[in-house]
């Protein structure tokens, strides 16, 4: 199970946890899609770390090739070292290669978007995405992030986890936004029932009322390898009936074919 700096403070609770390394990785997590560069001050605000600590970490990460300093702007960009790590991860995921033809076929049939996502903290991150040729569809590519708690992809992922891992994440979802928790919890519990009865979760509009989607999990005995597939697009193109009666069975069939191809054992 992943932890954050808040989950693993500098005390004797976990003597194997290297806080200095964790801080360095927090720096790399500061960068978001659409942001080319950040200053030390911006990273200090996002991480809550003192600016002198940030300065030492960015200097070290630059020396190692994980950051690049733009002297004319006084800002840092992600370096080639981060790309190399990400590419290695993606290149070793056989599911992307195996699933891509079926994903593209479904995307063209539905004229929408089909994606695979893995969890990163309280988000799902796309590792593969295919779109239909229609002009009106979602424009999210590999690397895009969506919420874990309020999307069809994320809820399907939660449904596939063992109880202990699910409870851990549910608790962190609650702590992330206590005011919204009653509504989010009710929606997730509805997703659990939907998944148990039908094998898929539908979006409910909590994240984006203009998007409709269905999610199905690809599970593994090791929860760290569990991922989730989604098929979705603009709500006016994908009424609930079409999602339930047409696209959900097709997405389930795609995921089941991946189970066979990957030789995984599933419950």
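Binning the alpha carbon pair distances of the stretch 19-85 at 5 angstrom intervals from zero yields the distribution 4, 18, 33, 30, 13, 2, 0, expressed in whole percent.
Anyone know which of 34, 143, 117 comes out most mobile in the 10 Å Cα GNM of the chain? With Cα springs under 10 Å in the chain, the top fluctuation among 34, 143, 117 is at 34.
May I ask you to compute the full-extension gain from residue 246 to residue 25, defined as 0.36 nm times their residue separation minus their alpha-carbon distance, rounded to one decimal in nm? Don't skip to the answer; put the middle values down first.
On the way: separation 221, 0.36 × 221 = 79.56 nm, distance 4.23 nm.
Extra length from residue 246 to residue 25 when fully extended: 75.3 nm.
The length gained by stretching the chain between residue 163 and residue 197 to full extension, at 0.36 nm per residue less their Cα-Cα distance, is 10.5 nm. For residue 141 and residue 15, a Förster radius of 30 Å and the Cβ-Cβ distance give a FRET efficiency of 0.15, rounded to the nearest 0.05. Between the entries [x] 18.3, 59; [y] 20.5, 61; [z] 19.8, 58, the label attached to Rg and Dmax of the Cα atoms in Å calculated for this structure is [z]. Helices in the chain, meaning DSSP H runs of at least 4 residues, each add -39500 (n - 2.57). Divided by all residues, the mean residue ellipticity at 222 nm is -14000 deg cm²/dmol.
Only the coordinates and a few stated rules stand behind these numbers; no lab work does. The structure displayed is predicted, hence computed values, not measured ones. Counting neighbours? That spans all protein chains shown, and the Cβs are built from the backbone with ideal geometry, glycine included.
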